[in-house]
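The values are calculated or read from the model by the stated rules, or taken from the named source; none is laboratory data. It should be emphasised that the depicted structure is a prediction, and the values quoted were computed from it without experimental measurement. We place every Cβ from the backbone using ideal geometry, glycine too, and count neighbours over all the protein chains shown. Protein only, heavy atoms only, side chains kept; ligands, DNA and RNA dropped before computing areas. Shrake-Rupley method; radii C 1.70, N 1.55, O 1.52, S 1.80 Å.
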Amino acid sequence: AAKSRGGNGIAAFTEEIRAESESRDIVELSLRSSISDDCLHLVYQPEVDMRSGVIVAVEALLRWEHPLLGLLMPESFIHVAESTNLATELGTWVIRSAFRQYAQWWSEIAGLDVVLRVNVSPGQLVGADFVDSIARELGEYGIDGGNVCLEITENAVVSDVDRTRRALRGLAGLGVQVAIDDFGSGYSSLAQLKQLQFDVLKIDREFIRDLGDSPADLAIVKSIVTLAKSFDLILVAEGVETEMAARTLLDLGCYRAQGFLLHRPLPADMVRDLLITNRETPGPS
Ligand code: C2E
Ligand code: MG
Ligand code: MG
Ligand code: MG
């Protein structure tokens with residue numbers, strides 16, 4: 001791109017950086033007020049055991065209803081929060097909102113048996129007070145730690161292995177599971193598996209999308225299935241969009257899946273209706 005700027009490359013580049021940091025400030029500022037102004041909400045995407053069709057987990061996903069820009073997806077603003085001191089505040093909002101919703105489903109639905117998955121940023125995870133704050137919120141909402149799984153995206157470099165390890169140990173003490181999200185998309189997947197004790201591994205949707213058509217993806221997913229078995233991890237495939245991908249995963253022994261083929265992210269009340277009728281139904285045959 002530098003070339004296309006012609007002779008004025010440096011000036012244009014400087015301008016770009018300035019504009020970028022200005023838009024960062026704007027995002028930060030308006031996100032800060034949105035946290036208090038009720039402009040954020042969570043949607044929930046079910047995860048299914050494809051052998052039975054039963055929902056085994058729901059993942060909370062953040063949405064920002066921006067007063068001017070309309071609906072914003074997390075990938076357009078999460079990184080801004082993470083590069084500022086907003087990450088903790090936003091993360092706390094997400095955890096409290098998801099826990100509150102889960103507690104409500106718990107009170108409404110007899111025999112509720114699904115895990116609540118919540119994404120946390122790596123900075124949040126190693127924050128001084130994190131494990132204590134999870135313990136506190138679990139108590140506050142009367143949720144058993146065993147019903148919660150926190151997801152850490154693999155892409156985000158785990159910069160401090162010792163602190164991460166300590167956090168994982170603390171969470172394990174609460175019975176809270178931890179998932180390594182987007183597995184395979186980063187460059188440190190295997191090192192992280194070796195160094196840190198995770199409970200769940202979610203295969204990045206990059207490898208799932210063309211599964212069935214792509215020998216390379218098939219080989220990769222096959223080896224991840226083996227890896228998950230060896231490390232005794234619960235395995236989940238993300239981004240299942242086609243029958244072909246679903247069938248291939250079942251053949252490979254990866255039963256848990258999340259994806260548009262199964263369920264889209266949904267508002268909480270629609271998820272409640274699904275959870276009420278959450279009984280064995282025939283999976284993809
Ligand atoms: P993720 O945790 O890997 O969440 C799965 C993403 O894949 C979601 O995007 C979901 O809508 C999308 N997805 C699910 N099934 C399919 C499918 O079949 N096809 C395709 N193309 N996409 C599918 P979303 O909601 O836009 O979230 C993107 C990412 O933003 C999340 O990826 C997660 O890393 C991050 N994120 C979302 N909510 C939060 C949050 O509350 N806190 C933090 N720290 N990160 C969040
Ligand atoms: Mg996730
Ligand atoms: Mg993911
Ligand atoms: Mg992701």
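What the table shows:
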item	result
Search result, residues across segment 211-262 that are within 22 Å of the chain's Cα centre (by Cα), over 18 Å from Ile180 (Cβ atoms) and without any contact (Cβ under 8 Å) to a residue 24 or more places away in the chain	Asp217, Phe260, Leu261
Subset of segment 158-180 [within 16 Å of the chain's Cα centre (by Cα) and small (Gly, Ala, Ser)]	Ala179
Filtered residue count, segment 236-265, keeping only those that are within 16 Å of ligand 2 (Cβ to nearest atom) and open to solvent by 20 Å² or more (accessible area, probe 1.4 Å)	7
Residues being within 14 Å of Val56 (Cα to Cα) and either part of a strand (DSSP E or B) or out of contact with any Leu (no Cβ under 8 Å at 6 or more places or on another chain) (or both) - total across segment 240-265	5
Scan of segment 121-149 for residues that are farther than 13 Å from Thr92 by Cα and within 16 Å of ligand 3 (Cβ to nearest atom), ordered by number	Pro122, Cys149
Leading residue by the ranking (least open to solvent (accessible area, probe 1.4 Å)) among those in segment 141-198 that are under 12 Å from Pro122 (Cα atoms) and part of a loop (DSSP other than H, G, I, E, B)	Glu154
Tally, over segment 22-50, of residues that are without any contact (Cβ under 8 Å) to a residue 12 or more places away in the chain and either on the phi > 0 side of the Ramachandran plot or basic (Lys, Arg) (or both)	1
Hits in segment 51-70 (condition: part of a loop (DSSP other than H, G, I, E, B) and without any contact (Cβ under 8 Å) to a residue 12 or more places away in the chain)	Leu68, Leu69
Scope segment 57-70; condition surrounded by fewer than 18 Cβ atoms within 10 Å (Cβ to Cβ) and at pLDDT 95 or above; matching residues	Arg63
Subset tally (residues that are within 18 Å of Leu42 (Cα to Cα), part of a loop (DSSP other than H, G, I, E, B) and open to solvent by 30 Å² or more (accessible area, probe 1.4 Å)) for segment 71-129	1
Residues located in segment 128-155, provided they are within 16 Å of ligand 1 (Cβ to nearest atom) and touching an Asp or Glu at 6+ places or on another chain (Cβ under 8 Å)	Cys149, Glu151, Ile152, Thr153, Glu154, Asn155
Which listed residue, of Asp273, Asp217, is open to solvent by 40 Å² or more (accessible area, probe 1.4 Å) and not in a loop (DSSP other than H, G, I, E, B)	Asp273
Test set (1) touching a helix residue (DSSP H, G or I) at 6+ places or on another chain (Cβ under 8 Å); (2) touching a residue at least 60 places away in the same chain (Cβ under 8 Å) - Phe77 fails condition number	(2)
Count - residues of segment 196-247 that are in contact with a Lys or Arg (Cβ under 9 Å, 6 or more places away or on another chain) and aliphatic (A, V, I, L, M)	8
Selection status of Ala191, more than 16 Å from ligand 3 (Cβ to nearest atom) and either of a type in the set (Gly, Ala, Ser) or within 20 Å of Ile55 (Cα to Cα) (or both)	yes
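Every residue, every condition in (1) on the phi < 0 side of the Ramachandran plot; (2) touching a strand residue (DSSP E or B) at 6+ places or on another chain (Cβ under 9 Å); (3) within 12 Å of ligand 4 (Cβ to nearest atom), yes or no:
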| site | (1), (2), (3) |
| --- | --- |
| Gly170 | yes, no, no |
| Gly173 | yes, no, no |
| Ala179 | yes, yes, yes |
| Gly186 | yes, yes, yes |
| Ala191 | yes, no, no |
| Asp199 | yes, yes, no |
| Ile203 | yes, yes, yes |
| Asp210 | yes, no, no |
